[in-house]
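Working notes for the structure below.
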Amino acid sequence: MGLTRKRDLRDGNAVWANYAVPSIRGARLRRSLTTEVVIVGAGISGALLAQALADAGKRPLIVDRRRAALLGSTAASTALLQFELDTPLTKLASSIGRRKAEKMWLASRNAVNELRTRTHRLGIEAHFKSRPSLYLAGNVLDAHGLKREVAQRQRIGLSSEYLDRKMLGRHFGIDRAAALLSHGNAEANPVELAAGFLRSAISAGARFHAPHDIIDIDCSRRGTTLLTNDGINIRARHVIFCTGYELAKIVPATNNKILSTWAIATRPQPQNIWPQKALIWEASEPYLYVRSTVDGRVICGGEDEDFADTKKRDALSPKKSKRLETKLHRLFPQVDSRAVTSWTGSFGASPNGTPTIGQIPGFPKCYAVMGYGGNGITFSMLAATLVTAEILGKKSPDAGLFTFK
Ligand SMILES: Cc1cc2nc3c(=O)[nH]c(=O)nc-3n(C[C@H](O)[C@H](O)[C@H](O)COP(=O)(O)OP(=O)(O)OC[C@H]3O[C@@H](n4cnc5c(N)ncnc54)[C@H](O)[C@@H]3O)c2cc1C
């Protein structure tokens, strides 16, 4: 029995295999050691945290159970980097209160900006591009709901505008009742992005060791000891679990759950990409989202199912790919919607589409990053800022907003 449940996180061929990124392998630890900060998990969350900590003068030690970095969910991500949470601002405000909902939306906007700033400052290419987003009316918010949503967003300074059917048709060639056009989002190649941050952290003093499976933990006020599957003890003052959907068993059960999701990508078709290469998603259940890549492929994803069984998930892939092709064709008849690559993955969802980030109750100086919801990568950036501030003993205006209750 390990400390985190091992999952078959993904299956199929994600589009990112077309853009080779040299793999990052870690040296194996030979003996037990003591250090200040350990990060468990070398995906985008671990990479962003390691870079933020290295930037602050720490030398975090990163361990991963897989043979190299970035072999978890990050490799399957479609990487729409959005500040817009899964739950519309108006609906989140009704559920948890207006002030808290607004703070969460603004924290998410700041996280996307922070990710953009750091990516540029560190010179990471990763096909990182700022993109507008188009949120189409659907069964979650109709045209009337979108009008209320845009008013509430604009009131807190978020850059969104309302497009009626005519404007949407004229500017994007899409026939829907209405949409919100928002600015300040982005897209990237998630593998290259995470690799860029991890490499930057390593060159600033972070250390990466793999494969080492953390199978047990002993935590007290004086420090924490992690035990690896090969008998090595790692003693640390701070431990951060960035284990994605392979959640550590010491993390309290919240209402988060693991679902299954699917995605396809077409051949490059630069002539048929819609204006501004906007990220497109629907205010619908089940939702659909579409983005393009720098070389003109179209990625289309969604079709989520409420189960975690990976055999069942993988068996459904041919059927789900066909459905995504059909939906993409309906949205953009001019695009050659045939999938040339398709993949599936486990996906963590939270009740309001918001993350849980912070100290694990009963485990002093041990933190968990649970960026569950459609904005997983935005939440990884948010976590890097919040947990780094906590470790440095600095006050953050968003401290307490996403913590375990
Ligand atoms: C198909 C798909 C589409 C998505 N689309 C988007 C999107 O458009 N936008 C967005 O923002 N997010 C999206 N997400 C979500 C986003 O990809 C995830 O939130 C993000 O990749 C999680 O990164 P992570 O580093 O937390 O986890 P991972 O990348 O899974 O990394 C966790 C690491 O922890 C390691 N680990 C686990 N347990 C242990 C242990 N006991 N000991 C040592 N190591 C351990 C694992 O080996 C793994 O390498 C999508 C996800 C999927 C699957």
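Read-outs throughout are calculated quantities, based only on the coordinates presented, and are distinct from any laboratory measurement. No experiment lies behind these values; they were computed from the predicted model shown. Here the Cβ is made from the backbone with ideal geometry for all residues, glycine too, and neighbour counts use every protein chain on show.
Neighbouring Cβ atoms within 10 Å as the yardstick, rank Lys395, Lys147 fewest first. Display every interim value, and only then the final one.
On the way: Lys395 7, Lys147 15.
Result, fewest neighbours first: Lys395, Lys147.
Rounded to the nearest 20 debye, what is the charge dipole size of region 257-349 about its Cα centre when +1 sits on each Lys and Arg Cβ and -1 on each Asp and Glu Cβ? Write out the running numbers ahead of the final one.
Working: 15 positive and 11 negative charges, 49 e Å.
Result for region 257-349 is approximately 240 debye, rounded to the nearest 20.
Which one, Ala111, Ala399, Pro252, projects farthest toward the positive side of the charge dipole computed for the chain from Cβ point charges (K/R +1, D/E -1)?
The Cα lying farthest towards the positive end belongs to Ala399.
Taking the Cβ of Gly205 as the center, what net charge do the other residues with Cβ under 13 Å away carry, scoring Lys and Arg +1 and Asp and Glu -1? Intermediate values should be presented prior to the final figure.
On the way: positive: Lys58, Arg59, Arg199, Arg207; negative: Glu36, Asp55.
Result for the neighbourhood of Gly205: +2.
Restricting the count to DSSP beta bridges whose residues both fall in the chain, what percent are antiparallel, rounded to a multiple of 5? Don't skip to the answer; put the middle values down first.
Numbers: 53 of 74 bridges.
Roughly 70 percent of the beta bridges in the chain run antiparallel, per DSSP.
Could you please state, rounded to a whole Å, how far the C-alpha centre of region 103-150 is from the C-alpha centre of region 280-321?
Going from one Cα centre to the other spans 19 Å.
Gaussian network model of the chain, Cα springs within a sub-10 Å range: biggest mean-square fluctuation belongs to which of Asp218, Asp314, Asp86?
Asp218
Rounded to whole Å, give me the distance from the Cα center of region 168-223 to that of region 3-75.
12 Å
What helices in the chain pass both tests, a Cα length along the helix axis of 15 Å or more and a mean Kyte hydropathy of -0.5 or higher, using whole DSSP H runs? Numbers along the way, then the final one.
Values: long enough: 44-55 (16 Å, 1.24); 98-121 (34 Å, -1.50); 143-155 (18 Å, -1.53); 190-203 (20 Å, 0.92); 317-331 (21 Å, -1.59); 376-392 (24 Å, 1.64).
Result, helices passing both filters: 44-55, 190-203, 376-392.
Putting +1 on Lys and Arg Cβ atoms and -1 on Asp and Glu Cβ atoms, find which of Ala389, Gly301, Thr356 reaches farthest to the positive end of the dipole of the chain.
Toward the positive end, the furthest listed residue is Ala389.
In what sequence do His183, His209, His120 fall when counting other Cβ within 10 Å, fewest first? Mind showing how you got there, number by number?
Values: His183 15, His209 21, His120 10.
By the 10 Å Cβ count, ascending: His120, His183, His209.
Determine how many Å³ per residue the convex hull of the Cα atoms of region 242-315 encloses. Intermediate results must be reported in sequence, preceding the final value.
On the way: hull volume 10.9 nm³, N = 74.
Convex hull of Cα atoms, per residue: 148 Å³.
Which whole-number percent is the relative contact order of the chain (Cα, under 8 Å, 6+ apart)?
Details: 914 pairs, mean separation 102.2, N = 405.
It rounds to 25 percent for the chain.
Rank these for me by crowding, Leu3, Leu53, going from fewest to most other beta carbons within 10 Å.
Working: Leu3 21, Leu53 27.
Fewest to most other Cβ atoms nearby, the residues stand as Leu3, Leu53.
Any idea how many Lys pairs in region 257-349 come in under 18 angstrom at the alpha carbon, given 8 or more places apart or on separate chains?
On the way: Lys257/Lys311; Lys257/Lys312; Lys311/Lys319; Lys311/Lys320; Lys312/Lys320; Lys312/Lys322; Lys319/Lys327.
Total qualifying Lys-Lys pairs in region 257-349 comes to 7.
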